[in-house]
Every structure is written in C-alpha cells, then in structure tokens.
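Visitor: Got a structure here, written out as structure tokens. Questions coming.
The values are calculated or read from the model by the stated rules, or taken from the named source; none is laboratory data. Everything numeric in this text was worked out from a predicted model, so none of it was measured. All Cβ positions, glycine included, derive from the backbone under ideal geometry; neighbour counts span all protein chains shown.
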Amino acid sequence: MTTIPSTTPKAKPDEQFDDLTQQRHADLMGMWLFLATELMLFGGVFTGFVVYRYAYPEAFAEAATHLDLVLGMLNTGLLVTSSLFMALSERAVGADRKRLTLLFLLITIGMGAVFLGIKGYEWHHEYSQGLMPILGLEFVYSGQHADRAQLFFNFYYAMTGLHAMHMGVGMIWLMVMVVFTLRWRDPPRLRRQFQISGLYWAFVDVMWIFIFTLLYLLRASS
Amino acid sequence: MKDVKAPILAWLAYLVVLGASITVTRWAPGTLGHVFNLLCALVMASLVMVFFMGLRSADNLLRVFALATLMWLAIMLGLTMMDYVYREIGSSAMLSAIA
Amino acid sequence: MSDDAASSRAPESYLTHGWRWRDWLLTTDHKRVAWLYTVSITGFFFLGGIAALLIRLELMTPQGDLVSADIYNQLFTIHGVVMVWFFLIPSIPNTLGNFLLPLMIGAKDLAFPRLNLLSWYIYTLGGIFTMAAVITSGVDTGWTFYTPLSTQFTDTAVIAAIAGVFVVGFSSILTGINFIVTTHKMRAPGLTWFRLPLFVWANYATSLVMVLATPVLSATLLLLIMERLLGIGIFDPRLGGDPILFQHLFWFYSHPAVYIMILPGMGVVSELITCFSRKTVFGYHGMALSILAISVFGFLVWGHHMFVAGQSLYAGIMFSLFSFLVALPSAIKTFNWTATLYKGRLIFASPMIYALSFIGLFTIGGFTGIFLASLAVDIHVHDTYFVVAHFHYIMVGSMVTAYLGGLHFWWPKMTGRLYPEVWAKVASLALFIGFNLTFFPQYLLGYAGMPRRYQTYPEDFQILHAMSSLGAGVLAIGYLLPLGYLLWSLRWGARAPADPWRAAGLEWRTGSPPPPHNFLKPQTVSGPPYDYDTLDNPQGEAR
C-alpha cells in the first residue's frame, strides 16, 4: 500500500494494526489472494483454450507451427532472468544496499521492456503475414482448417495481449518502486513493498510459462 | 546479502528445463512430447513460485491458499471438460443452424 | 443525520467525527464506507425496483400495451443487471458486513481501509457508468449476455454495459480479499475460529467465493468484449467456436454468485434467531461448517443452468447430482434454526419477524430448487416462471428479507437511534404477504407453461399474472415504509443504548454509535458465542 512514507526513525505500523509483524503478514496474504484471483482470471482463458485444443487437435497443432519458436524461447529466457533480478533486488533491499537495489530494479524493468519489444515485433511479423484476424483484417492461412486456425490465433492474441497488459502494469509498478528506492525512507516499509512487487512480477512470469507452453510448444512437426 | 545462491541455481535449473522442453518439441513432438512439455511447464512454474516468490519460506496458510486456488482451477477445467469429452463441437449441423 | 444533536451527547462517535465532504468521501473508516455503500445500493435497488414495477404493470394484461417489445426486453435487462450486480452481490457484505466485521472480531478497522474505500469508488462509478449505458442505448440481452446474441445480433451498447460489470467485479474482488485477510489476521485475542459469530463465518465464506469466482467472470466478459470489439471470435460458431463455452464460464461465476447473495443472509438470520430466542444457536459447529460446505459445493453445480442448452447428457447427470448435494448443508442450516427456536423464549420483535419469514421463504425456494436440479423436471420448467419464482424466493424472499432484518437489528448500533417498532412490524408483514402474493402465483404460471421474458401471454394466465402484479404493489409498500421510518428515525428516533437487544457479540460491547476506532480499549474474548444463558442469568440460576 502506498501512503506517505513515515519519517519517524522508529517504524510504526498503520493504525489498524497492532504491530509490524501483523501488518507484514496481512500485506503478504492480501497479495497472495490477489494473485489467486489473477490466476483464476488467466484460468478462465486457459480453460477456453484447452477446450478447443482438445476439440481440434490437428488444426491447433498445425497453427502453432506458424509462431516463431526462437523468439518465444528468447522471451521466456528474458522474462525468467528479469524475475531473477527482481528476486535479487529484494535481497539487496533487505541488506540495505541502495545502489545495488536500484541497479537490479532497472535491469528488471529493462528486460521487461525488451520482452515487450520482441513481442511487438512478433505481432508485427504475424500481421505482415496476414495472421492477424483482428478488427476485420483478412486472415491469410496456407494450411488446412483455416477457420479453426483462426480460432487458435484469436486465442493467441487474447492470451498474449492479456499478458502484455499485465507486463505493462508491472513495469509501471516497478517504476514507482524506483522512485521509492531513490527516496529510501522507512526501510521496513520498503522491504514489504519490494516483496509485494516481486510477487506480482514473478507471477506474471509464471503465467507466461503456461502461455508459451500452450501456444508455442504444443505443435505438430513442421 | 544472504541467500542469493538459491535463486541463481533455480534460474539455471529453469533454463535447463526450458531447453529440454524446446528440444523435445523441436525433434519429437506428438502426444508424448506434449505431455513432457506440460510437465516442464509445471516444473518451471514451481521453480519460480518456490524460489522467486518465497513459497519455500511462506507460512502454511499461504501454501493452503495456493493449493486451493490450483484445485479450483482444476474444478473449472475438469467439470467443463466433462461436457466436452462427451460431445462433439464444430460439426456441420451446428454451422448450418446459424447460417 | 443530526450532527449537533448527536454531539451534545458526550462520548465522541464515528458519526460526530467531521462532516465536511471529504470526511465522508475520503474516509477510510469502515463504518463510514459502510454508509457510502448503503446509500449507493439503496439507490440502485430502487432503480431496479422501478424496472420491476414497469414489468409487472405491463403483465397486468395479456397484450403488450404499456411498452413496446423492445422496451420490455430492456426493462428486464435493467432489472436483472442492477439487482444482481449492483444490489444483491454487494448488499449485505458491503453494508452490514463492512460495518460489523471489524466490530464483531474486536478490530480497529479492516486490514486494508484504503482498499475498502477504493472498492466503493469502483463499485459506484462502474455502476453509474453501466446504468448510463444500459438505459441510454437499451441493452436487451438480459443480464446473462449470452452469445451469439450479445456478440453478433444485438445492436445495443453491450460493450459499455459489460465493461461496467467487468469493472464492478474488481470491487467484489477487493472486498473479498479485504474480508479474508481481516478475518485471518485481525481477530481479538481469544477469539478462535469456533468462537466467531456465524455472521463472520458467512462473510468469510462469501469472500472466498468472491475471490475465486469473480475473476472468471472478468475473464469471460473480457473475451466477450474482445469478440465484439476486436472481432476476435472465441465463441463464434463460424470458426468452430462453441457458444455453450460462454455459458460454462459465465455460470462458473454466476452460480457461485448466487451463494455470494444468500450466504450473508444466512449469517444475519443466525444472529437474529439466536438473539430473539434467547438461546445459543443449535449446532454451532454444524452451522459454521455447513456455510463453508455450501460455498464449496456451490462451485460444482453450474451446469444445471444448461440442462437444455445442449451440453452433453453425462455432464448434465453429474451436475444434477452435485446440485442435490447443496441441499444437504442447506437443510442442516434450516433444521438448526428451527431447533434453535425450539423451547426458546421467543421475542417477536421486527427483526425476528424478518428472520422467521426468511426461514419459510428459503425453505420454499430451496425445495423448488431441487425440482429444478432434476434433469427430467427441468426440461419441463426450464426458462419458465417456475424458475423466476424459485430464484426470487431465494434472492428476494430470503436475501432481501435477511438484509432488512439485519438492517433493523443493527440500526441502533449504526445510527444510535431506535426506529418505530410498530411501523417496522407492519413493514415486515407487508413484505411477507406482498412477496408471497407476487411470486407464489409465478410457480403456478411456470408449471402451466408461461415462459419467462415474454411480454404477452394467453388470456388464461391473466388471473395469476394480475395477482402477481397486485402483490408487487404490496411488496413495494414493504420496501417504501422502512425507507421512510428509518430516515425519520435518524433525526427523531429515540436514543439507542449500547445494547438495546441484550444481545451477545462484541459489537454490542461498545457505544451506539461506536467511537471512531470501534472500541475504547482492546477487547479479549474468553467464551463461546451466543452465550444467552449466562447473559440472561448472570447468577447462574437454573432456567
């Protein structure tokens, strides 16, 4: 929670709590519950995908071969590396190392930006191949089952779009954390905030793992 | 800074599993390969959750919540699929009905 | 609310604590946020009520003469959307729950007070936006937004309406998170899980459902928006998509949402019955666990909305069986309430009349639910007024009755004023009579074959429809009366003592209205809830 950082030397909990431990536990639990809701949000979309993947196995496996496996792999590696740096920045803030924290945080944000850049490039590439049936654009597909393949690509854009939106939110969030790190007031609060932000960032990574596996990896031999 | 070894090792393990998953999908796709891909995804997700999200040191209640959410996801997926395994969709009859 | 009069009476309360605009609109006090919610949901309730009244007026005659068919479709859409998302879902949790949860567990506030205020803003602004969209463009899909009607055929502002409902969903989610964390982390020392009031259990279970189900609605509506706005066909049969998948995802939320609506009502009624029977609640553990059981089983039954929609027969059988299961914990609760009444020293105060109405109406609504859960019977009554009557018995007969009962019971605590009891008795009886007159004929209509969402009907049905419309008039009196005398009591009602009902529970151990941080000193709990024997006989003499 973002309030006016306390400037008192002795850190105090918010008024509704008895002590800092209670507040830390409450914050953590609140965040995990929020992530549970995020999981159910993605879960609804995943359920839809699984239904169609089960109903149209050949069409979906073939459509998947039209995605760029190398770029997908690169992005997966990038995202997990950014998660690593996020986890390291949490440790750095725990050790009161301000400059190191800032460095790790900026690397995390930078990798997130590169991820989105690559994703955008991929989308553009698919657009130029006629594989973007959005807003009435024509869907040009060489393989069999063009209609089912369009269903696959609809899910591709829905899932990667939803994920990219979460990445964007995460990056704005981390930029706010950059400001908090620069100010460096009330270290216990800062540690709590880092823990919460790290949870969100890693969660977005976990969702990507499943999006990547479902869309890119469950493919036919090309 | 303490405890930096574990996340770095987890990161390395993640990359190895990712590599294995991609190798399999590249050279041996098919049902078995897909099962392997999904297992890899589970391992990768667990690595992130345990080492980057602190599930290892979290109190039991949070673990219960995490498990419960996974169970609810399974309920949604499982009961929905109960319908689709006994029913064919996308048949031509359905299409002609709306045409 | 009379500011000057209240402050003349010494101890400072949350109501005397500042009356500038920002003292209310930027408050983080859960008690004030509860009031913000109360004002909002009352507004939405009467808006939805006006739509219902127009529907009932139209149905006085077999022909469509009051409004056009299009307007009729829009009216039942407004009624459904408003009543489900902007009244029933937030009703008890966000008003009484918001006010009472921290008080009942002896906490100073919810775990995340600012989040609580945020959730009110999301709810109110989202609600107003949705209403503007629905009323100006006349959305005609019904509250269920079924595809492909909502994606391909209707030409109304479905996107705006859905976007509004999507946004309001976050209000539910945030409230749910807040309540769960509060219940886990903020209980007073000694207040163990099995010493919690059942109202807290009910709100906890409700919050679990909100947290686990609402995001799926968000996902579904998001896919719907994408399909309609971007042309990304997810449920589009032309691409091999399956419109029934929309129903699966929609009901995965919307059936558990029924339990979001009813569980808090069960919590309220448990408090009322035990207080006005002057007895501890019968089978406390069974009551608490059956609340949890209902919230879990509620997730396994959504397919009973789709028996005739084309889902596979085996899925239908499974969903039918699971639906019967929900009857078990519901029956446990009903029997336990009855057993609590048995040999109690009953006091027929107005909240008790509401609570007894609840038991009767819930039983009828629950029984007819079993009819509907049976595959074969459902084919006969699906999408008829039988279904309409069934869910109104649960949602209006039970839930609104419980809400009003709770509002009366805790009104002295919330405002520091007593309401006129005679008028309250009249209102509670008007509600019971008007409700049954409105909705019992609908069971008969539905069984005889009157489909829902139709503006016209054969002349044979007119007597029953007219009875129903007449009942709606009586019901309206049952709603308007409390609005009148409760508002009246704010200024002219007698001062309430801290514990006007001699009730158990921490919320009565502080002033009426409570001070800003709820209790003047930290509370501890050393005994079970609802200890009315000790409360009524402090010396421990035999009854």
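Visitor: Being free of Cβ contacts under 8 Å to residues at least 40 places away in the same chain and more than 9 Å from every other protein chain (Cβ to nearest Cβ) is the filter; apply it to the range A:71-110 and report the residue that is nearest to B:Gly90 (Cα to Cα).
Guide: Looking at the filtered set, the residue picked out is A:Gly110.
Visitor: Quick one: in the range C:285-314, of everything that is of a type in the set (S, T, N, Q) and in a helix (DSSP H, G or I), which residue is nearest to the other protein chains (Cβ to nearest Cβ)?
Guide: C:Ser295
Visitor: Right, another one. Out of curiosity, is A:Gly120 outside any helix (DSSP H, G or I) and within 30 Å of A:Thr47 (Cβ to Cβ)?
Guide: So A:Gly120 fails the test.
Visitor: Among the numbered conditions (1) within 14 Å of another protein chain (Cβ to nearest Cβ); (2) surrounded by fewer than 23 Cβ atoms within 10 Å (Cβ to Cβ), tell me where C:Leu101 comes up short.
Guide: In the conditions (1) within 14 Å of another protein chain (Cβ to nearest Cβ); (2) surrounded by fewer than 23 Cβ atoms within 10 Å (Cβ to Cβ), C:Leu101 misses (2) alone.
Visitor: Of the residues in the range B:35-73, how many are facing chain A (nearest Cβ under 9 Å) and in contact (Cβ under 8 Å) with a residue 12 or more places away in the chain?
Guide: Matching residues across the range B:35-73 total 10.
Visitor: Output the residues belonging to the range B:3-34 that are at the interface with chain A (Cβ under 7 Å from one of its Cβ atoms) and either over 21 Å from A:Val206 (Cα atoms) or within 18 Å of the chain's Cα centre (by Cα) (or both).
Guide: B:Asp3, B:Trp11, B:Tyr14, B:Leu15, B:Leu18, B:Ser21, B:Ile22, B:Thr25, B:Pro29, B:His34
Visitor: Identify all residues within the range C:276-290 that are of a type in the set (Ser, Thr, Tyr) and within 22 Å of the chain's Cα centre (by Cα); write none if there are none.
Guide: Within the range C:276-290, just C:Ser290 meets the criteria.
Visitor: Residues of the range A:62-72 being assigned to a helix (DSSP H, G or I) and under 9 Å from A:Tyr216 (Cα atoms), which ones?
Guide: Residues satisfying the conditions are A:Ala64, A:Leu69, A:Gly72.
Visitor: Consider C:Ala202 against the criteria (1) free of Cβ contacts under 8 Å to residues at least 12 places away in the same chain; (2) under 25 Å from C:Tyr259 (Cα atoms): it satisfies all of them except one. Which criterion is unmet?
Guide: (1)
Visitor: I'm trying to understand the selection: among the residues of the range B:43-88, which are buried (at least 17 other Cβ atoms within 10 Å of the Cβ) and either touching a strand residue (DSSP E or B) at 6+ places or on another chain (Cβ under 9 Å) or polar (S, T, N, Q) (or both)?
Guide: Residues satisfying the conditions are B:Thr69, B:Thr80.
Visitor: Moving on. Out of (1) in contact with a helix residue (DSSP H, G or I) (Cβ under 7 Å, 6 or more places away or on another chain); (2) in a helix (DSSP H, G or I), the odd one out for C:Asp140 is which?
Guide: So C:Asp140 meets the others, but not (2).
Visitor: Would you be able to tell me the number of residues in the range C:151-177 that are more than 15 Å from C:Ile260 (Cα to Cα) and either within 19 Å of the chain's Cα centre (by Cα) or part of a helix (DSSP H, G or I) (or both)?
Guide: Result for the range C:151-177: 13.
Visitor: Let me ask something else. Applying the selection to the range A:143-202, what residues are of a type in the set (S, T, N, Q) and within 8 Å of another protein chain (Cβ to nearest Cβ)?
Guide: The answer is A:Gln150, A:Asn154, A:Gln195.
Visitor: Let me ask you something else. Could you tell me which residue of the range C:291-315 is farthest from the chain's Cα centre (by Cα), considering only residues that are more than 30 Å from C:Tyr204 (Cβ to Cβ) and of a type outside the set (Ser, Thr, Tyr)?
Guide: Ranking the candidates gives C:Leu313 first.
Visitor: Kindly list the number of the only condition in (1) surrounded by fewer than 21 Cβ atoms within 10 Å (Cβ to Cβ); (2) in contact (Cβ under 8 Å) with a residue 40 or more places away in the chain that fails for C:Ala107.
Guide: (1)
Visitor: Another question about this same structure. Is one or more of the residues making up the range A:13-24 modelled with pLDDT of 95 or more, more than 9 Å from chain C (Cβ to nearest Cβ) and either on the phi < 0 side of the Ramachandran plot or not in a helix (DSSP H, G or I) (or both)?
Guide: no
Visitor: So which of C:Phe250, C:Phe282, C:Phe276 is touching a helix residue (DSSP H, G or I) at 6+ places or on another chain (Cβ under 9 Å) and either within 12 Å of chain A (Cβ to nearest Cβ) or within 22 Å of C:His392 (Cβ to Cβ) (or both)?
Guide: C:Phe250
Visitor: Turning to a different aspect of this structure: Please count how many residues of the range C:421-478 are polar (S, T, N, Q), crowded, with 17+ Cβ neighbours inside 10 Å and farther than 13 Å from C:Arg56 by Cβ.
Guide: 2
Visitor: Here are C:Trp21, C:Trp85: which of them is closer than 23 Å to C:Phe129 by Cα and out of contact with any helix residue (DSSP H, G or I) (no Cβ under 6 Å at 6 or more places or on another chain)?
Guide: The match here is C:Trp21.
Visitor: Anything in the range C:110-136 that is within 14 Å of chain A (Cβ to nearest Cβ), without any contact (Cβ under 8 Å) to a residue 60 or more places away in the chain and either touching a Cys at 6+ places or on another chain (Cβ under 9 Å) or crowded, with 24+ Cβ neighbours inside 10 Å (or both)? List them, or say none.
Guide: C:Ser119
Visitor: Residue under question is C:Leu445, and the condition is that it be modelled with pLDDT of 95 or more, within 22 Å of the chain's Cα centre (by Cα) and in a helix (DSSP H, G or I); does it hold?
Guide: no
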